[in-house]
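Participant: Quick one: structure below, then a few questions.
The values are calculated or read from the model by the stated rules, or taken from the named source; none is laboratory data. Given the structure is predicted, the values throughout are model-derived calculations rather than measurements. Don't worry about glycine lacking a Cβ; one is built from the backbone with ideal geometry, like all the others, and counts go over all protein chains shown. Calculation scope for accessible area: heavy atoms of the full protein, side chains included, ligands and nucleic acids excluded. Shrake-Rupley method; radii C 1.70, N 1.55, O 1.52, S 1.80 Å.
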Amino acid sequence: MSKKILNGNVIRDQNDKTIVVLVKRKYSHPFFGKVITSSKKYHVHDEKNKFKIGDSVKIIESKPISKMKRWELLNK
């Protein structure tokens, strides 16, 4: 099975080697047909502390790195 790849923006970079990425997605409601925006935060492994708040990043699923981190950066 292939790994998921998501696009998002960095909203927090305070922790060492970790960033929090907000991923927004739009989809059409099955019955009403209205466009709904949902968002989710992901804790992402950033080995070199390279990315700062506001940066746009691509993330990919990975093996568990810690209790919360199951994603790593794709564009390094």
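Participant: For ASN7, are the conditions met, namely being touching a residue at least 24 places away in the same chain (Cβ under 8 Å), polar (S, T, N, Q) and open to solvent by 40 Å² or more (accessible area, probe 1.4 Å)?
Facilitator: yes
Participant: Sort out which residues of segment 61-76 are in contact (Cβ under 8 Å) with a residue 40 or more places away in the chain, under 16 Å from PHE51 (Cα atoms) and open to solvent by 50 Å² or more (accessible area, probe 1.4 Å), and write them in order of number.
Facilitator: Residue satisfying the conditions is LEU74 alone.
Participant: What number of residues within segment 1-17 are within 13 Å of GLY54 (Cα to Cα) and not in a loop (DSSP other than H, G, I, E, B)?
Facilitator: Number of matching residues: 6.
Participant: Still on this structure: Does LYS52 meet the test of being under 15 Å from the mean Cα position of the chain (by Cα) and either closer than 16 Å to TRP71 by Cβ or of a type in the set (Ser, Thr, Tyr) (or both)?
Facilitator: no
Participant: What about SER56, is it in contact with a His (Cβ under 9 Å, 6 or more places away or on another chain), in contact (Cβ under 8 Å) with a residue 40 or more places away in the chain and not β-branched (Val, Ile, Thr)?
Facilitator: Taking the combined requirement at face value, the residue does not satisfy it.
Participant: Continuing with the same structure: Tell me which residues, restricted to segment 12-38, are within 10 Å of the chain's Cα centre (by Cα) and over 14 Å from GLU72 (Cβ atoms).
Facilitator: Within segment 12-38, LEU22, VAL23, LYS24 meet the criteria.
Participant: Can you list the strands (runs of 3 or more DSSP E) found entirely within segment 18-76 that contain at least 3 residues being of a type in the set (A, V, I, L, M) and at pLDDT 95 or above?
Facilitator: 18-28, 35-45, 56-61
Participant: Look at segment 35-68 and say how many of its residues are under 22 Å from SER2 (Cβ atoms) and of a type in the set (A, V, I, L, M).
Facilitator: The qualifying residues number 5.
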